């Protein structure tokens, strides 16, 4: 058993499963707190490494494409501090982080785990029901339908449209992107027969935000 525990959270690895537990510290991003403990089977791991930094560094786990539904949705756009597969490591724990990464890499090599794409998910999605609020709205998913409710920051167009109920059977896609530059971060739902969608602040099937880079826990 290999373990590292730091203020940002703890990782343990027993050769078959890597368990990631975020700490309850106020500095830990909302998405990681809502997601909670993640159990990653070694078959889902593409690589593990330590990235040194000025104040210590980060332990990074990279999963095989297709192994994790969350990673598929964010498509690499979820970085520190919201990335659940990264751990901030202080200077005094750098040696432990490097040893941890070596142990995972050695296991991958010994067991000849491929790092190519998976043909099915090896990790479950977030626990249901799940909800998240950012910018102009709240998205709620109960396993059967998505409900969008508007906050006081919503445009008049969204207020007139009212809360939206989107049955899972009517959805053909969901797109998430973080806020960047002068643009908006968005969580947009595509329904059958719908066009490309308009401006995110006016689209009643889209939650948008302009301040929080990652939109709280919306990626979940």
Members of region 30-46 found to be within 23 Å of residue 103 (Cα to Cα), in contact with a strand residue (DSSP E or B) (Cβ under 6 Å, 6 or more places away or on another chain) and surrounded by 15 or more Cβ atoms within 10 Å (Cβ to Cβ), listed by number: 38, 40, 44, 46
Does region 116-131 hold any residues that are touching a helix residue (DSSP H, G or I) at 6+ places or on another chain (Cβ under 9 Å), assigned to a loop (DSSP other than H, G, I, E, B) and more than 16 Å from residue 63 (Cα to Cα), and which are they? 126, 127
Return yes or no: is residue 57 on the phi > 0 side of the Ramachandran plot and modelled with pLDDT of 90 or more? yes
Filtered residue count, region 64-113, keeping only those that are closer than 16 Å to residue 31 by Cα and crowded, with 19+ Cβ neighbours inside 10 Å: 12
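Please indicate, with yes or no, whether at least one residue in region 160-178 is in a loop (DSSP other than H, G, I, E, B) and either surrounded by 17 or more Cβ atoms within 10 Å (Cβ to Cβ) or at pLDDT below 85 (or both).
Yes, region 160-178 contains a residue that is in a loop (DSSP other than H, G, I, E, B) and either surrounded by 17 or more Cβ atoms within 10 Å (Cβ to Cβ) or at pLDDT below 85 (or both).
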Counting only residues that are part of a strand (DSSP E or B) and either within 18 Å of the chain's Cα centre (by Cα) or in contact (Cβ under 8 Å) with a residue 40 or more places away in the chain (or both), region 23-52 contains a total of 11
Hits in region 179-194 - residues which are in contact with a helix residue (DSSP H, G or I) (Cβ under 8 Å, 6 or more places away or on another chain) and loosely packed, with under 11 Cβ neighbours inside 10 Å: 192
Is it true that residue 142 is under 20 Å from residue 35 (Cα atoms), at pLDDT 90 or above and more than 15 Å from the chain's Cα centre (by Cα)? yes
Scanning region 188-220 residue by residue, those modelled with pLDDT of 85 or more, under 19 Å from residue 145 (Cβ atoms), assigned to a loop (DSSP other than H, G, I, E, B) and more than 21 Å from the chain's Cα centre (by Cα) turn out to be 192, 203, 204
For region 195-212, how many residues are surrounded by 15 or more Cβ atoms within 10 Å (Cβ to Cβ) and either out of contact with any helix residue (DSSP H, G or I) (no Cβ under 6 Å at 6 or more places or on another chain) or not assigned by TED's automatic domain parsing to the domain that holds residue 150 (or both)? 11
Restricting attention to region 70-93, report how many residues are free of Cβ contacts under 8 Å to residues at least 60 places away in the same chain and touching a strand residue (DSSP E or B) at 6+ places or on another chain (Cβ under 6 Å). 4
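Go through 20, 4 for me and flag whichever is under 30 Å from residue 185 (Cβ atoms), touching a residue at least 40 places away in the same chain (Cβ under 8 Å) and assigned to a strand (DSSP E or B).
Numbers: 4 fails: under 30 Å from residue 185 (Cβ atoms).
None of the others qualify; the one that does is 20.
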Could you tell me which of the residues 123, 148 is at pLDDT 90 or above, surrounded by 15 or more Cβ atoms within 10 Å (Cβ to Cβ) and under 16 Å from residue 32 (Cα atoms)? 123
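The values are calculated or read from the model by the stated rules, or taken from the named source; none is laboratory data. Quick caveat: nothing in here was measured; it's all calculated off a predicted structure. Backbone-built Cβ (ideal geometry, glycine too); neighbour counts: all protein chains shown.
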